[in-house]
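Have a look at the structure below, then the notes.
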Amino acid sequence: MKKAKRIIACLLAAFSMLSVSALSGCTKKKEDKRGAHLSGSSLPNVEGTVHERAVGTTSYKLLNNGVSDYVILVNQEDKATLVEAISELQAIFGEATGVQLPVVTEGAYSANAKYISLGDTEALKGSGFQADYAKLGAQGYQIKTVGQSIFICGQQRGVLYGVYDLLKILVDFETYTTTIDYMQKGVKDIDLPDLNIKEVPDIEYRIPVMGEQIKDRVASHRMRMHISSEVTISMGTAHNVLKYIVPIEEHKDTHGDWFSGDRTQLCYTAHGNEEEYELMVQEAVTNIQKILDDAPHQNIMSITQMDEQTWCECTVCQDLEDYYGTNAASQIFFVNDVTARVKEWLDTERDGREVQFMFFAYHKSEGAPVRQNADGSWAAIDGIKVNDNVSVWIAPIYEDYTLSVTAPESVNIRMMCESWHAVANSYFVWAYNVYFENYLIPYDSYAAMQDLVKYFVIHNTKYLWVQGNWNLNQNTGYDDLKGYLFAKLMWNCNLDVNELISDYFDKVYREAADTMEGTFWTWRAHSEMQRAMGRSGNIYSSPNEAKYWPKRYLMNQLAQMEEAKKQIAKYEASEPELYQAIYDSIVCETISLRYLLITHHEETFEKTEWATLKAEFKADANRLDFNMLAEQVSIESITER
């Protein structure tokens, strides 16, 4: 576990003797250091969200001296669908208390009954409590104490999320990263809480930001998010879906009018050939029907263009672009025709199954077919609208997400969102939060995160993915914290971000919390200095220049992280798994710093020192599964050089 006599530790020890004053800002006492904070949201709290919480205590005991009379109650017919909620409640409560709560499938309500009731049970019906299922939707939940029982109500996922909320109340359970949960241990006594809670997420579909979380189903669920395959049908997840709906290779020779001249996109008008257009629409409908039948339990599907900066340039498409001011119009007509027929089929032949479709406002189709009125509002040209079962998926890709969405420089995001509202009733949003050309360089969007989420909540966004390092297997540059914050804010955009940050460092780093949080605020101060120097926040323009990363700053930060390793030493013998998880989390944060040190300061080291630094960097990067340097570049471009 510990790396004794490592060259980096020796160098840091020597360096720290030269810069004690520079380090002092990271070693202040908690109350001083935590005076640092984000500047706060520039948007007011969003009204109309559903986060009603009354948490008190009763005179009863749920756990008394290590003994509990409580059982988990579910209906027999719901037991299979609630298996995850049941197992999580049993496992986490058991780990915290040593008590395994039994599961029963029959039980009537009485004031003395001791149930943790999940879902629509007979006891719930007898309790007099009625959940507001219409308000809760697919993922909201209610928790109510009636008599001596606790009732958790909602649909399948809502009950699961309600279980996690209850566990937070009972044993302080929370998931912060894919490797670190927190809960109280050795709990022997728990008062029965008096609960009246109603929670509905602000964003209905919340996708993990970072690659490590994207791949981890358990951690994603515990953070009340979805992995993408649970939301959208696998053959209709993101861009390039046209290859499944109207396959180019299959039809390019027999139906050339279906495609753009360069065969990179669909021609949404079939070059004005009405007969070919009808055949193309029917081909899409037939293939969508097959895809939906193969995914009977998923009800969101994209009908998206190919991921190319191209569009059909035939006369008909060009005329539509000239008239509507955007390529999106031709796409809307096609999508409306296709989804109307699919809906008719669903209504008549699939028992009214509801499926939501979406298409991209992206690259060549980014603009909405609208005109701006004199008062600044937007109106759809000729009243063009998308069908009710279609959402527009906006993806403002060429933006600076380190700036608030309210900033003057973010006008394009606001224009996209507000102008498309004249055409579509609901949004899916694909935003961004990483330097795509270099995953190891921190992307400082912290002061802009809450405004971004609030803004999209205000604009009726159903789905939000703020894409980070999606194909990186491990995180650095405080991206684990970023993933946690986005998860919390997408559920409740009005939370206090500074409190969330402090809680994260307390629970993830334990005795090293102050030191590690100090490095975070030091980095943010350094980031503000970089901005003053001209640092870009554009996702395709990483600040990978030596002027932004002076050696003194990098070495100071690394010295603090070496100190943090010492501060968690007590766990090495008593809780080795926890120790390794915290230790590795600290090492992960060093990866970005060491990469920048190696990249920009080779000439300041002796050859043997530099070789050792690089070898140790490679060893840690490989051990911790840092697989990518950039979206399309393997980490081996650095480690094997």
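For Met183, indicate whether it is modelled with pLDDT of 95 or more, under 30 Å from Ser228 (Cβ atoms) and among the hydrophobic types (A, V, I, L, M, F, W, C). The answer is yes for Met183. Looking only at the stretch 169-216, residues that are of a type in the set (D, E, K, R), touching an Asp or Glu at 6+ places or on another chain (Cβ under 8 Å), over 19 Å from Leu624 (Cα atoms) and not in a loop (DSSP other than H, G, I, E, B) come to 3 in all.
Would you mind finding the one in Asp319, Asp347, Asp337, Asp307 that is acidic (Asp, Glu), touching a residue at least 24 places away in the same chain (Cβ under 8 Å) and assigned to a helix (DSSP H, G or I)? Going through Asp319, Asp347, Asp337, Asp307 in turn, the sole match is Asp337. Residues in the stretch 245-269 that are under 20 Å from Ile332 (Cα atoms) and either crowded, with 18+ Cβ neighbours inside 10 Å or among the acidic types (Asp, Glu) (or both): Ile245, Val246, Asp257, Trp258, Phe259, Ser260, Gln265, Leu266, Cys267, Tyr268, Thr269.
Within the stretch 601-632, the set of residues being free of Cβ contacts under 8 Å to residues at least 60 places away in the same chain and surrounded by fewer than 17 Cβ atoms within 10 Å (Cβ to Cβ) comprises Glu602, Glu603, Thr604, Glu606, Lys607, Thr608, Ala611, Ala615, Ala619, Asn622, Arg623, Gln632.
If you go through the stretch 479-503 and keep only what is assigned to a loop (DSSP other than H, G, I, E, B) and either without any contact (Cβ under 8 Å) to a residue 24 or more places away in the chain or surrounded by fewer than 23 Cβ atoms within 10 Å (Cβ to Cβ) (or both), you end up with Asn492, Asn494, Leu495, Asp496. Mind listing just one residue for me: the one in the stretch 374-399 that is free of Cβ contacts under 8 Å to residues at least 60 places away in the same chain and touching a Lys or Arg at 6+ places or on another chain (Cβ under 8 Å) and, of those, surrounded by the fewest Cβ atoms within 10 Å (Cβ to Cβ)? Step by step, filter the stretch 374-399, then rank; the result is Ala379. Each residue in the stretch 563-589 was checked for being part of a helix (DSSP H, G or I), in contact with a helix residue (DSSP H, G or I) (Cβ under 8 Å, 6 or more places away or on another chain) and under 24 Å from Thr178 (Cβ atoms), and 14 of them qualify.
Of everything in the stretch 504-530 that is free of Cβ contacts under 8 Å to residues at least 12 places away in the same chain and of a type in the set (D, E, K, R), the residue that is surrounded by the most Cβ atoms within 10 Å (Cβ to Cβ) is Asp506.
The values are calculated or read from the model by the stated rules, or taken from the named source; none is laboratory data. Not measured: the values here are computed from a predicted model. All Cβ positions, even for glycine, are placed from backbone atoms using ideal geometry, and neighbour counts span all protein chains on display.
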